[in-house]
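Quick notes on the structure that follows.
Quick note: the coordinates plus some simple rules give every number you see, no bench work behind them. Since we're looking at a predicted model, the values are computed, not measured. Reconstructed Cβ throughout: ideal geometry from the backbone, glycine too, with neighbour counts over all protein chains shown.
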Amino acid sequence: MPDIGAAVKQKIFLVMIAAAVIVAGCKTKPVQEESSTSTPVSSASTPAVTTGGVATVDMDQRAGTSSGASGPNTQQTAQRIIYFDFDSSDIRNEYVDVIAAHGRYLAGNATVRVRLEGHTDERGSREYNIGLGERRAQTVKRALMLQGVQEAQIATVSYGEERPAAAGSDEAAWSKNRRVEMVYIN
Amino acid sequence: MTLKTCRSAFCALLLSVCATAHAQLQIDITRGVSDPVPVAVVPFARAAAVDGGTDVAGIIERDLASSGRFKGIERRAMPAQPQKAADVNGAAWRAVRADYVVVGRVVAAGSENVSLHFGLVNALTGQKMLEDETITVSGKALRKGAHRIADVIFEKITGVRGAFDTRIAYIAVEGVAPDQRFQLIVADADGENAAVAARGSRPLMSPAWSPDGEWLAYVSFEKGVSTVNVQRVRTGELRTVSARNGVNGAPTYSPDGKQLALTLGGSGGNLDIYVLDLATQNLARMTDDPAIDTQPAWSPDGKTLYFLSDRGGAPQIYAVDARAGARARRVSFGVAYAARPRVSPDGKLLALEVQEDGAFHIATLDLASGNITSLSRGALDESPSFAPNGAMLIYAGRERGQGVLATVSVDGQVTARLQSSQGDVREPVWGPFTN
C-alpha cells in the first residue's frame, strides 16, 4: 500500500481539527443574558470552543437586544451625524440648528433616549482617541441639555478610531470619520 | 499551515464562518546588525511516527535569527549532520564560518510524548557548552519544545533569558465598517498556533496580559457601551469588571496581578486613571484633572503609574505614585506628541508612540536621562510592547492600508516582520514568561 506523504497527513489532520472546531462552534449555546447592564461586576460561564489551549468567546452572543428607535422625522432631525474639524470638539455653525432641533424633540418627549457615539480619524493613539471621541459626544450632549433635554435621556459612547465611516488615509476619509452619530434608543 | 494549503472552499468556509486564526512569521529583517553571530542549527534526527513532520532545527534557527543577534548557516553548506555534541568536529564548522553548532534528535517517549535531545558546541574553541540536554513534550507541542531549546541556546550564548517560548495577543479586523469583524487573537511569539480568544462585530481593543499569562483584560463594546473584561484564556471564563457610565478603557494588570489600572470617564466624560482591586472591587482614583488622562502602565515594582495626559495641551507622558492623592509629574520632553507608555521589565525604559515629522514612530524613553530614541520608521507605528526579557519589542505598523506586526530589538538595530493573513492586525501585546 502506497504511503501518503507527511504533508498530506498533516493537511488531513488540520482538516479534521477544522471540522471539529466547526462542529463545536455550531453546538455552542447562547450565553445567558445578564440581568442588568448597570452592575459593574458580572460573570458568565461562557461556552467556548477550544483550540490549542485557547477558548473562543463570541461577544455577539452576549450583546443585549437594543431595540432601535426611529426618532423624530423632520427635515432637520433627519440629519443624525455631526462632523468635526481636526483635533476639535467644537460644534461647527452649520450644525447648531440641527442639534437644536434634536434638542427640542427630546425635551418634548421625555421618554425618548438618544445615544451619542463619538468618533475620531485614525491619527493619534487609540485610547487617546477614545478620549477625543468622548469629548465630541460630551459637547453635543451639553448642547442638547441647553435645549432642556434631561441628562438621563442621553448616553454617550466613544469608539475613538475603531469604527471609521470611511476607509482611507487622506483628508477625504478623515473628515467623514471625525463625527458624532445620534442614535435614538428606547 | 500556509495560505496555499488553505485555498479550498472548505478552508474558506472555515475562515469566514468559524474565523480560525492564522498567521505566520516571515522573518524579514528590514534592518539588521552588521555582524550577527553565525550559528549552524543542524537538522534534528527525526522520529517520523510522532514528530508530524515538524522541522525542529528550522524553528530554532528562525527564532534565533528573529532576535537579530544570530544568523543561520545554509543546510547545503553544512559539512556534516552530527546529532550529538560529542560528534561535532569544530574545525570543519569553522571552515564554513559557523561560530556555534546546535545539534539534536527527536526521540519517541511513549506513544504520545517526544524527547528532544540537544547539544551546543562552540566551534571556535571546541567547547561543548551543552552536552546532551533533554526536553520532553507532548508530540503535539513539538513547536513549543523547539522554542524552549531556542531559549536555552539564546541564554547560554548571550547571557539573556530567551523569550521565544512565550505568547502574544493582538486584535485582527476583517472587513470595512460598518461590517467589521473583530477578533482577539492569541498566538505563539512567532505568530504560529494563532487562535481566536474572542470575536464580535463591535470593536475589541486594548488587550493586556495578566502577569501569570492566564488571563487577558480587554475592552469590548458588544452592548453598545464600553466595558472592561477579563477572560481566562484557557477556558473562556469571562468577567466584566467595569461597565460604568461613559468610557471604560485601557486596562493593565498590576505586577502582582491583583489590581487593574484603567481609564474611566463617567457620565461627565472626564477621563482619569483609576485602580480597581479585582477581588474586592474597591476603586481608587489616581488622577483628577479635566484633561484626558489614559493609557496607564505600571512600573515593575508596582509603585508608579505612567500615563498619557494632554493637561499641558498635547499628549505627553506623566508619572504618579500608585497611591490615591499623589501628584503627577511630567516625564516626556522634546517631542510634540508622546503616547501609550509601557515599562521595560527592568523598569529603566518606557516604550512610547511619538510623533516626529508628521509620522508616528515607536520610541524608547530612558527614564534616568530622559533621552528619547526612535526605533521605527513607519507612518503610523503604534502599540509597542516589551518581550518579557526586555530584549525586543513587538509593535504594529501600517503597510498599504493594512495593519502589520513587527518586532524590533530594544536598540532599534533589527526589525523583523510578522506576516499575517488575518487582515488588519493591531495592538500586539507580548505575554509573560510561562516556564
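What Kirkwood radius, in Å to one decimal, follows from the Cα pairs of the stretch B:274-340?
On the way: mean 1/r = 0.0808 Å⁻¹.
One over the average 1/r among Cα pairs gives 12.4 Å for the stretch B:274-340.
Set the Förster distance to 30 Å, then compute FRET efficiency between B:A48 and B:L124 from the Cβ-Cβ distance, nearest 0.05.
Working: r = 34 Å, r/R0 = 1.14.
It comes to 0.30.
What distance in nm separates the simple spin-label points at B:R327 and B:E356, each placed 7 Å from Cα in the Cβ direction?
3.3 nm
For B:A95 and A:E171, what does the FRET efficiency come to when R0 = 60 Å and r is the distance between their Cβ atoms, rounded to the nearest 0.05? Before the final figure, lay out each step's value.
Details: r = 60 Å, r/R0 = 1.00.
So, using R0 = 60 Å, E works out to roughly 0.50.
So if each residue of separation counts as 0.36 nm, and I subtract the Cα-Cα distance between B:S138 and B:R377, what length gain in nm does that give? Before the final figure, lay out the partial values.
Numbers: separation 239, 0.36 × 239 = 86.04 nm, distance 4.12 nm.
My answer for the length gained is 81.9 nm.
R0 = 30 Å: FRET efficiency of A:T111 with A:R142, Cβ-based, nearest 0.05?
Details: r = 22 Å, r/R0 = 0.72.
That pair, A:T111 with A:R142, gives E of 0.90.
Can you return the aspartates and glutamates within cross-link range of B:K156? Criterion is Cα-Cα under 16 Å, with same-chain partners fewer than 8 residues away left out.
Straight-line reach from B:K156, under 16 Å: B:E61, B:D63, B:D99, B:E131, B:D132, B:E133, B:D165.
Kindly write out, for the stretch B:240-251 in residue order, the coupling ³J(HN,Hα) from the Karplus curve 6.51 cos²θ - 1.76 cosθ + 1.60 (θ = phi - 60°), rounded to whole Hz, with x marking Gly and Pro.
The phi angles translate into 8, 9, 8, 9, 7, 4, x, 6, 10, x, 6, x Hz.
What distance in nm separates the simple spin-label points at A:N73 and B:S111, each placed 7 Å from Cα in the Cβ direction?
7.0 nm
Within the stretch B:364-435, list the trypsin sites (Lys or Arg not before Pro) lying in a DSSP loop whose Cβ has at most 13 other Cβ atoms in a 10 Å radius. The partial results should precede the final answer.
Numbers: sites: B:R377, B:R398, B:R400, B:R417, B:R426; in loops: B:R377, B:R400.
Passing sites in the stretch B:364-435 are B:R400.
Taking θ = phi - 60°, what integer Hz values does the Karplus form 6.51 cos²θ - 1.76 cosθ + 1.60 yield along the stretch B:137-145, in sequence order, with x for Gly and Pro?
For the stretch B:137-145, the Karplus-derived couplings read 9, 5, x, 6, 10, 4, 4, 4, x Hz, x marking Gly and Pro.
Net charge near B:V160: determine it from the other residues with C-beta under 15 Å of the C-beta of B:V160, scoring Lys and Arg +1 and Asp and Glu -1.
Taking every Cβ under 15 Å from that of B:V160, the sum is -2.
Each residue of the stretch B:104-110 in order: what ³J(HN,Hα) in whole Hz does its phi give by Karplus 6.51 cos²θ - 1.76 cosθ + 1.60, θ = phi - 60°, with x for Gly and Pro?
Per-residue couplings from phi come out as x, 8, 9, 10, 4, 10, x Hz.
Angle check, please: helix B:56-66 long axis (alpha carbons) against the longest principal axis of chain B (alpha carbons), in degrees 0 to 90, nearest 10.
The answer is roughly 50 degrees.
Could you give the size of the charge dipole of the stretch B:350-435 about its Cα centre, using +1 on the Cβ of each K and R and -1 on the Cβ of each D and E, expressed in debye and rounded to the nearest 20? Can you show the working numbers first?
Numbers: 5 positive and 10 negative charges, 54 e Å.
Rounded to the nearest 20 debye, it is 260 debye.
Under the 0.36 nm per residue contour assumption, what length would be gained going from the current alpha-carbon distance of B:R400 and B:K71 to full extension? It would help to have the intermediate numbers written out before the result.
Numbers: separation 329, 0.36 × 329 = 118.44 nm, distance 2.91 nm.
Result for the pair: 115.5 nm of gain on full extension.
Rg/Rh for chain B to two decimals, with Rh computed the Kirkwood way over all alpha-carbon pairs. Mind showing how you got there, number by number?
Working: Rg = 22.9 Å, Rh = 23.0 Å.
Radius of gyration over Kirkwood radius for chain B works out to 1.00.
Select from the stretch B:113-170 those chymotrypsin sites (Phe, Trp or Tyr not before Pro) which occupy a DSSP coil region and have at most 10 other Cβ atoms within 10 Å, ordered by residue number. Before the final figure, lay out each step's value.
Values: sites: B:F118, B:F154, B:F164, B:Y170; in loops: B:F164.
Here no loop site has a sparse enough neighbourhood.
Is the stretch A:49-158 best put as rounded, prolate or oblate by its Cα gyration tensor, with a ≥ b ≥ c the root eigenvalues, rounded for a/c under 1.5, and otherwise prolate when a/b is larger than b/c, oblate when not? List each step's numbers first, then the result.
On the way: a/c = 2.70, a/b = 1.52, b/c = 1.78.
It comes out oblate by the Cα gyration axes.
In the stretch B:71-154, which GluC sites (Glu not before Pro) fall in coil by DSSP and have 11 or fewer other Cβ atoms within 10 Å? Don't skip to the answer; put the middle values down first.
Details: sites: B:E74, B:E112, B:E131, B:E133; in loops: B:E74, B:E112.
Filter output for the stretch B:71-154: B:E74, B:E112.
For a quick protection proxy, order the peptides A:88-95, B:197-204, B:306-313 by their average other-Cβ count within 10 Å, most packed first.
On the way: A:88-95: 13.2, B:197-204: 22.5, B:306-313: 20.4.
Taking the mean over residues of other Cβ atoms within 10 Å, the ranking is B:197-204, B:306-313, A:88-95.
What dipole magnitude, in Debye to the nearest 20, does the stretch B:167-430 give about its Cα centre under +1 on Lys/Arg Cβ and -1 on Asp/Glu Cβ?
Numbers: 25 positive and 29 negative charges, 93 e Å.
Using only the charged Cβ atoms, the result is roughly 440 debye.
From the Cα gyration tensor of the stretch B:55-158, with a ≥ b ≥ c the square roots of its eigenvalues, which class applies: rounded if a/c is under 1.5, or else prolate if a/b is larger than b/c, or else oblate?
Working: a/c = 1.86, a/b = 1.52, b/c = 1.23.
Since a/c reaches 1.5 and a/b is larger than b/c, the shape of the stretch B:55-158 is classed as prolate.
Only helical DSSP H runs with n ≥ 4 go in: add -39500 (n - 2.57) per run for chain B, normalise by residue count and round the 222 nm mean residue ellipticity to 500 deg cm²/dmol.
Working: 4 runs with 39 residues, N = 435.
It lands at -2500 deg cm²/dmol.
Which Cα, out of B:N282, B:S374, B:M205, lies furthest along the positive dipole direction of the stretch B:167-430 (beta carbon charges, K/R +1, D/E -1)?
Going by the charge dipole, the pick is B:N282.
Give, rounded to the nearest 20 debye, the magnitude of the charge dipole that the stretch B:288-434 has about its Cα centre when Lys and Arg contribute +1 at Cβ and Asp and Glu contribute -1 at Cβ. Before the final figure, lay out each step's value.
Details: 14 positive and 17 negative charges, 27 e Å.
That gives a dipole near 140 debye.
Among A:K141/A:K176; B:K144/B:K303; B:K258/B:K303, which pairs are too far apart, with a Cα-Cα distance over 25 Å? Each step should come with its number before you reach the end.
Values: A:K141/A:K176 20 Å; B:K144/B:K303 34 Å; B:K258/B:K303 14 Å.
Table pairs above 25 Å Cα-Cα are B:K144/B:K303.
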